[in-house]
Amino acid sequence: MSELSITALVDNGGDVLQSGYASLREQARMLERLAASIDESFVRAVRLVTHCRGEIIVAGNGVSQTRLAKSLSAAGCKVREVEAGNLHGRPGAAVGSDDLVIVVGADAQQALQKPVTSLLLIGGSAESASVGQNVLALPVSLDTERCPAHLQGAVQELAVMAQADALAAAVAVQYRRNLPSGERKNNHVEGI
């Protein structure tokens, strides 16, 4: 629907349509900015995942975390999923030196009470993690000037999920391309 026809609908009481249209347009803009921001950090993140010799521990809160864990498992990674605050605090939650921790859309300080060897942040910044850790960040930045305040949370979550989906898709391509089926890790997701 064109902006002109949306304007005509608004003039006839179509403010509900205008609101829906504005929400979808802002989400589309965020995805366009995110796609344009893919750079060498993304390539390094894919390599970090595909070269992980231990478990990939996916921590965070919400749908993005679960979706990434399931997608990486389907790609052939050995994945353990934990809630952001339970990374170190529950039985079986130990993080080994060969493990990769991926924090999805959560505050890294909340997720990490102890340093880890390798850390990938999706939707966060390296500055949010403790000093001294090997940190790679795939940040998601929201244009707060253009995005209405009432849409910012939803748009941010969509961008984090899209970034996680892109990572999982690229990992799956690399596994299909580079690993003979007999060398793939056991596919499974363990929840804690």
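The values are calculated or read from the model by the stated rules, or taken from the named source; none is laboratory data. Being a predicted model, the structure only gives us computed values, none of them experimental. All Cβ positions, even for glycine, are placed from backbone atoms using ideal geometry, and neighbour counts span all protein chains on display.
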Task: Unique match (being within 18 Å of residue 39 (Cα to Cα) and assigned to a helix (DSSP H, G or I)) among 140, 173 - done: 173
Task: Residues of region 12-32 satisfying the condition of being surrounded by 15 or more Cβ atoms within 10 Å (Cβ to Cβ) and out of contact with any helix residue (DSSP H, G or I) (no Cβ under 8 Å at 6 or more places or on another chain) - done: none
Open item on the list: Cβ-Cβ distance below 8 Å, separation of 6 or more or different chains: which pairs start in region 152-180 with a residue that is under 15 Å from residue 105 (Cα atoms) and in contact (Cβ under 8 Å) with a residue 24 or more places away in the chain and end on one that is among the β-branched types (Val, Ile, Thr) and in a helix (DSSP H, G or I)?
Closed with: 157/63; 161/63; 167/46; 167/49
Open item on the list: The conditions are (1) in contact with a Ser or Thr (Cβ under 8 Å, 6 or more places away or on another chain); (2) part of a helix (DSSP H, G or I), and residue 20 fails exactly one of them. Which is it?
Closed with: (1)
Task: Test for residue 74: is it modelled with pLDDT of 90 or more, over 13 Å from the mean Cα position of the chain (by Cα), assigned to a helix (DSSP H, G or I) and over 21 Å from residue 155 (Cα atoms) - done: yes
